[in-house]
1. If one computes the Cα centroid of the range 184-202 and of the range 51-113, what distance in Å separates the two points?
2. What is the helix-to-structure angle for 66-79, meaning the angle in degrees between its Cα long axis and the longest Cα principal axis of the chain, kept from 0 to 90 and rounded to the nearest 10?
3. Could you list the trypsin sites (Lys or Arg not before Pro) in the range 79-146 that lie in coil according to DSSP, counting only those with at most 11 other Cβ atoms within 10 Å of their Cβ?
4. How much FRET efficiency would the formula 1/(1 + (r/R0)^6) give for L125 and V57, where r is the Cβ-Cβ distance and R0 is 25 Å, rounded to 0.05?
5. Kindly express, to the nearest 10 degrees and within the range 0 to 90, the angle between helix 182-193's C-alpha long axis and the longest C-alpha principal axis of the chain.
6. Using 7 Å Cα-to-Cβ label points, what is the M91/E40 separation (nm, one decimal)?
7. Taking 35 Å as R0, compute the FRET efficiency from the Cβ-Cβ separation of E198 and A24 and round it to 0.05.
8. Could you tell me how many degrees, from 0 to 90 and to the nearest 10, lie between the Cα long axis of helix 13-23 and the main elongation axis, the longest principal axis, of the Cα atoms of the chain?
Amino acid sequence: MKNIVVLVSGGGTNLQALIDAEKAGNIKNGKITCVISSKEGAYALERAEQNGIKGIVIPRKAYPDIASYTRAVTDALLAEKADLVVYAGFMTILDEQVTKAFPYKMMNVHPALIPSFCGKGFYGLHVHEAALAAGVKLSGATVHFVTEVCDGGPIIIQKAVPVENGDTPETLQKRIMEQAEWKILPEAVSLFCEERIEIRDGKAYVL
Ligand code: GAR
């Protein structure tokens with residue numbers, strides 16, 4: 001059974017999707033053992049508590065720079081014996097200390113079809129604002145491995161979602177969460193725990 005540690009910063013609806021999937025028996029060979037939040041008071045922590053999952057706060061603002069913050073998070077992940085680390089709405093870009101400690105053992109859900117609308121500055125509603133500004137007719141979500149390149153690691157699963165006339169960043173975000181993120185994140189986590197994802201030539205393949 002693999003230990004899954006989930007990193008969060010906010011509301012935690014993706015964490016909830018993982019908790020629900022685990023309860024429904026849809027995370028094969030994996031268990032959420034800990035939730036780490038970069039923000040005190042994040043609602044995601046309450047979701048963890050309600051479900052008997054250990055919650056830890058490592059506040060970003062308590063550290064002077066990203067190197068010392070990454071060290072603290074990496075140490076916590078090692079102490080928790082994480083087999084898989086899931087970024088579920090985690091809004092801090094950690095440096096290579098963590099990717100070296102957990103190579104191809106960390107995944108992130110991003111609310112767009114990478115390589116569109118991704119990289120530094122593209123997070124949360126900003127992603128959907130950019131998609132609407134570009135006038136794309138399809139957006140969606142991507143689950144990918146975390147490497148030292150922001151949003152640049154091997155893509156595991158993507159799902160497209162239509163953009164509709166009159167969409168606002170909020171309505172598009174909601175549709176992408178409901179139709180894509182909350183489905184493909186638990187799916188990718190289960191595939192990882194079942195050891196059904198292979199990396200070849202820097203790309204991920206589902207077996
Ligand atoms: C989600 O849409 C997630 O994809 C996005 O933030 C939201 C968090 O919601 N993540 C990023 O933009 C990371 N680049 P949640 O806290 O309810 O899961």
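Coordinate-derived values only; no laboratory data. Computed from a prediction, not measured in an experiment: that's the story for all the values here. Quick reminder, even Gly has a Cβ in these numbers, built from the backbone with ideal geometry, and neighbours come from all protein chains shown.
1. Using only Cα atoms to place each centre, the spacing works out to 18 Å.
2. The angle comes out at about 60 degrees.
3. Those satisfying the criteria are K81, K120, K137.
4. Calculated transfer efficiency: 0.60.
5. 40 degrees
6. Simple spin-label model gives 1.7 nm for this pair.
7. 0.85
8. With both axes taken from Cα atoms, the answer is about 60 degrees.
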